[in-house]
1. Determine how large the accessible area of LEU16 is when every protein chain is in place; take a 1.4 Å probe and give Å² rounded to the nearest 10.
2. Work out, step by step, the length gained on full extension between LYS3 and PHE19: first 0.36 nm times the residue separation, then minus their alpha carbon distance; give nm to one decimal.
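The values are calculated or read from the model by the stated rules, or taken from the named source; none is laboratory data. Being a predicted model, the structure only gives us computed values, none of them experimental. When the accessible area is computed, the model is the full protein with side chains, heavy atoms only, and any ligands, DNA or RNA have been set aside. Shrake-Rupley method; radii C 1.70, N 1.55, O 1.52, S 1.80 Å.
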Amino acid sequence: MLKAIKRFVGVVGVALLAFRAIGSFLSWVDKQDETQVDAWIDEEESEDA
């Protein structure tokens, strides 16, 4: 019985960590979308397109 409780607590802990990691990753992605990207573009390549 004690083993089952320990496993359940472990599974819940891992699940909480996974949700937290996914949430922070999605937050990071959202912040990346908001920042302006100054990409260097080769003028010759853009003329060829």
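1. Only protein atoms counted, so the area is about 110 Å².
2. Values: separation 16, 0.36 × 16 = 5.76 nm, distance 2.44 nm.
Answer, rounded to one decimal: 3.3 nm.
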